[in-house]
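Following: one structure in structure tokens, then a few remarks.
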Amino acid sequence: MKAIKTLVAVAVTLLATAAQADITIGISLPLTGPASGLGIPMNNYIKLWPTEIAGEKLKVIVLDDATDPTKGVSNAKKFVTEDKVDIIMGSAATPVAIAMADTAAESGTPQFMFSPAVLPTGKDHWAFRLPQGTAVMAHAMIEHMKKNGVKTVGFLGYTDAYGESWLTDFKAQSQQLGGPQVVAVERFARADTSVTGQALKLVAANPDAMLIVASGSGAAMPHKGVVERGYKGKIYQTHAAASRDLVRVGGKDVEGAFVTSGPAVIPEQLPASHPSKALAADFVAKYEKAYGAGSRNQFGGHAYDAIVVLEKVLPGALKKAKPGTKEFRAAIRDGVETMGRTVVSHGVLNYTKDNHWGFTTETGVILKVVNGDWKVE
Amino acid sequence: MDFTIASILTLDGVTNGAIYALLALATVLVFAVTRVIFIPQGEFVAYGALTLALLQLGQVPGTVWLLLVMAVVASVLDAVAGLRRGLPAAAVATGALKSLAFPVAVCAVAWWAAPRQLPLLFQSLLTLAIVTPLGPLVYRLAYEKLADATVLVLLIVSVGTHFALTGLGLVFFGAEGFRNPSFWDSRFTAGPLTLTGQTLIIFMVSIALIVALYLFFERTLRGKALRATAVNRLGARLMGISTSGAGQLSFGLAAFMGALSGLLIGPTTTMFYDSGFLIGLKGFVAAIFGALASYPAAALGAVFVGLIESFGSFWASAFKEVIVFTLIIPVLLWRSFQHGHHDEEE
């Protein structure tokens with residue numbers, strides 16, 4: 001009897017260690033709520049992830065945070081205390097990702113943010129952003145504006161963190177690069193039914209270009225609003241608007257608009273010299289094979305890039321410590337910080353100790369809407 | 001600000017106000033008859049606009065299946081209740097068939113018509129036929145058993161219904177927005193103003209509907225029955241008016257007005273599955289102007305909300321929603337000073 005008990009105990013211990021050897025990843029995504037347009041395509045690609053990396057099984061847990069910071073935090077707590085994850089990923093919604101950062105940092109778990117979340121200096125020790133920061137994108141946009149003789153810009157953006165970070169970063173980058181002046185700032189919310197008031201004021205200021213900061217199909221209404229009020233200058237949209245939905249909803253009014261984007265969605269048009277061409281093509285091929293032609297989007301690309309980073313970092317971390325331990329989590333964090341120049345589908349990452357944004361300025365691409373399709377400028 | 005800008009803003013405000021007016025009237029109607037503060041009013045706006053959008057794409061919208069499922073559940077509940085009361089099985093079966101006939105017919109038409117891309121007007125009527133019956137069904141399934149509960153309980157049910165309908169909206173229509181084609185794609189210039197055909201349609205339909213509602217309440221037996229229920233539920237029942245029938249009718253009207261607002265607003269903005277909530281909430285603010293009782297005050301309040309919104313977005317766009325929703329506080333203060341304190345349970 002005693003022998004059996006011992007045997008059972010040994011078996012249980014063995015099984016437990018075997019289970020612990022899996023690399024556990026806890027992902028919190030907005031599958032419902034206002035940011036579900038970002039979370040759902042990411043989740044689509046996460047379903048296509050490999051089942052193992054560097055010979056270790058991946059255990060992926062995806063939870064819905066409903067675009068709610070409170071829900072995101074409780075997901076993060078669950079990942080840390082119950083699931084004992086090695087890596088936290090998410091959220092795709094900026095406010096949720098920011099709220100989750102504290103839990104990740106307290107427990108010493110690396111967090112891969114799927115949103116360009118701004119954290120106070122020193123707070124992002126454990127957090128790495130996978131999407132391009134607004135500064136990198138603003139860089140590409142300002143270079144394009146300078147080339148096209150744009151001297152003044154009118155700003156029409158969301159009244160949320162995304163709008164705010166674009167305004168701050170655009171102004172800062174523009175000053176640095178000697179780019180255009182922001183002459184008028186107006187705000188709106190995604191659920192608004194009209195931007196007539198804002199558009200009137202912006203058109204009256206008569207800037208050379210208009211910068212619209214909004215996401216997905218929500219970017220079409222302000223664009224149409226500005227055009228309807230007779231604005232004839234250039235209109236720029238940000239990378240959150242770089243989806244088919246902008247063209248689908250905006251129709252002929254968004255024709256000729258300039259949109260910043262990561263390179264992941266337009267591999268066919270990238271010059272052969274672009275570092276991301278091959279990976280972007282691979283991403284698009286895999287995504288469209290599973291979800292149909294034309295289904296590509298940049299959010300799925302971030303999920304693709306997460307795996308590229310993990311494939312580079314995990315072998316080194318596995319040499320240092322066992323999955324499930326504190327040391328392993330620290331090894332992953334250090335590994336990401338020191339992995340050096342890494343080409344992903346969305347550009348070139350190069351995290352350093354002081355820069356957890358990663359992307360270099362070779363990342364941003366400016367697309368032009370021509371005949372309802374994208375054309376690289 | 002010069003005259004040109006002021007007139008453009010006024011036009012914009014009154015156009016949105018006309019939509020809010022429809023929703024405010026529906027909110028007042030539902031509250032007066034059933035004491036339900038109908039938060040999901042806005043969901044019918046989104047359902048109306050997005051159902052049409054999916055029909056335009058040639059797909060069968062999810063609202064069709066929702067209608068079918070809700071109709072089946074409601075008739076099963078009716079049948080069970082009928083059998084419990086000891087009605088003969090044949091009578092119960094005919095009753096169930098009767099209540100199922102219209103939803104099933106609508107579903108069949110939608111299923112047949114969706115891939116055929118029929119004219120816009122037909123699709124709009126079909127949309128109204130799909131969304132309108134959802135109103136009585138929501139009343140039947142969520143509120144009817146609680147008809148005598150306190151206003152607070154009914155409000156909590158409304159919040160739950162709102163979340164359920166928004167969630168279903170995400171399932172049916174996806175996270176991205178749609179913009180419907182304009183019903184009348186022409187433009188008229190009057191001085192600095194450009195009137196689009198769609199704006200004119202919004203005005204005409206809103207005014208026509210308000211007149212029709214007036215006639216309905218003043219001239220028809222059913223309308224008078226609704227008014228009687230609003231004045232005194234018990235008294236109305238003693239007079240042989242079915243309060244449950246009145247509730248279903250008022251929810252039907254509310255769903256119809258919501259769906260119609262959705263059709264009207266769909267071509268002028270991008271509608272998301274959750275856009276309806278804020279639009280409905282603005283209708284609710286307008287209804288507060290009428291103390292949830294007066295139709296003309298609610299309609300005027302709606303135009304006022306629209307104007308404040310459009311001028312607010314010109315002067316201080318970052319605070320637009322704050323301005324609109326803060327309006328409720330002075331109005332409530334004024335109302336409570338004017339009427340003193342009421343205990344709702346009295």
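The values are calculated or read from the model by the stated rules, or taken from the named source; none is laboratory data. If you're wondering where the values come from, they're calculated on a predicted model, not measured in any experiment. In this analysis, Cβ positions are derived from the backbone assuming ideal geometry, glycine residues included, and neighbour counts consider all displayed protein chains. In case anyone asks, the SASA skips ligands and DNA or RNA and just uses the protein heavy atoms, side chains included. Shrake-Rupley method; radii C 1.70, N 1.55, O 1.52, S 1.80 Å.
Computed over the Cα atoms of the range B:3-339, pair by distinct pair, the Kirkwood hydrodynamic radius stands at 20.7 angstrom. Cα centroid separation, the range A:164-190 to the range A:267-341: 31 Å.
Summing Lys, Arg as +1 and Asp, Glu as -1, what charge do residues with Cβ under 12 Å from the Cβ of B:Ala91 carry, B:Ala91 excluded? Kindly include the intermediate steps, with their values, before the conclusion.
Numbers: positive: B:Arg85, B:Lys98; negative: B:Asp78.
Charge balance near B:Ala91 sits at +1.
Calculated on the Cα set of chain A, radius of gyration then Dmax: 22.1, 89 Å.
Only Cα sites of the protein assembly as shown enter the Debye sum here, all with the same form factor; the resulting log10 I(q)/I(0) across q = 0.07, 0.10 1/Å is -0.56, -1.04, listed in q order.
What helices in chain B pass both tests, a Cα length along the helix axis of 27 Å or more and a mean Kyte hydropathy of 0.5 or higher, using whole DSSP H runs?
Numbers: long enough: B:3-34 (45 Å, 1.75); B:62-84 (33 Å, 1.83); B:89-113 (35 Å, 1.54); B:151-173 (32 Å, 2.26); B:197-219 (32 Å, 1.77); B:243-265 (32 Å, 1.29); B:295-315 (30 Å, 1.24).
Those that pass (Cα extent of 27 Å or more, hydropathy at least 0.5) are B:3-34, B:62-84, B:89-113, B:151-173, B:197-219, B:243-265, B:295-315.
Which helices, taking whole DSSP H runs in chain A, have alpha carbons extending 18 angstrom or more along the helix axis plus mean Kyte-Doolittle at least -0.5? Membrane-span-like by this criterion, though nothing is claimed about a membrane: A:2-21, A:94-107, A:134-147, A:277-291, A:298-320.
Which net charge results when you count Lys and Arg as +1 and Asp and Glu as -1 among the other residues whose beta-carbon is under 14 Å from that of A:Ala101? It would help to have the intermediate numbers written out before the result.
Details: positive: A:Lys77, A:Lys123, A:Arg129, A:Arg333; negative: A:Asp65, A:Asp102, A:Glu106, A:Asp124.
That works out to 0.
Farthest toward the positive end of the dipole of chain A, out of A:Gly55, A:Gly364, A:Val336, is the Cα of A:Gly55, where the dipole comes from beta carbon charges about the Cα centre. Distance between the C-alpha centres of the range A:112-137 and the range A:44-73: 19 Å, rounded to the whole angstrom.
If you average the sequence gap of Cα pairs under 8 Å that are 6 or more apart and divide by the length of chain A, what percent do you get for the contact order? Could you put the intermediate results ahead of the total?
On the way: 792 pairs, mean separation 60.8, N = 377.
That works out to 16 percent.
What you get for chain B, charging only the Cβ of Lys and Arg (+1) and of Asp and Glu (-1), is a dipole of about 940 debye around the Cα centre. Taking the charge dipole of the protein assembly as shown about its Cα centre, with +1 at Lys and Arg Cβ atoms and -1 at Asp and Glu Cβ atoms, the residue from B:Val171, B:Met204, B:Met239 reaching farthest to the positive side is B:Met239. Reducing the range B:182-216 and the range B:92-164 to their Cα centroids gives an inter-centroid distance of 27 Å. Note on chain B: GNM, Cα springs under 10 Å; of B:Gln117, B:Gln59, B:Gln198, the largest mean-square fluctuation is that of B:Gln117. Relative to the Cα centre, the charge distribution of the protein assembly as shown, modelled as +1 at Lys and Arg Cβ and -1 at Asp and Glu Cβ, gives a dipole magnitude of about 920 debye.
Taking every protein chain into account, the 1.4 Å probe leaves B:Asp274 with about 40 Å² of accessible area, to the nearest ten.
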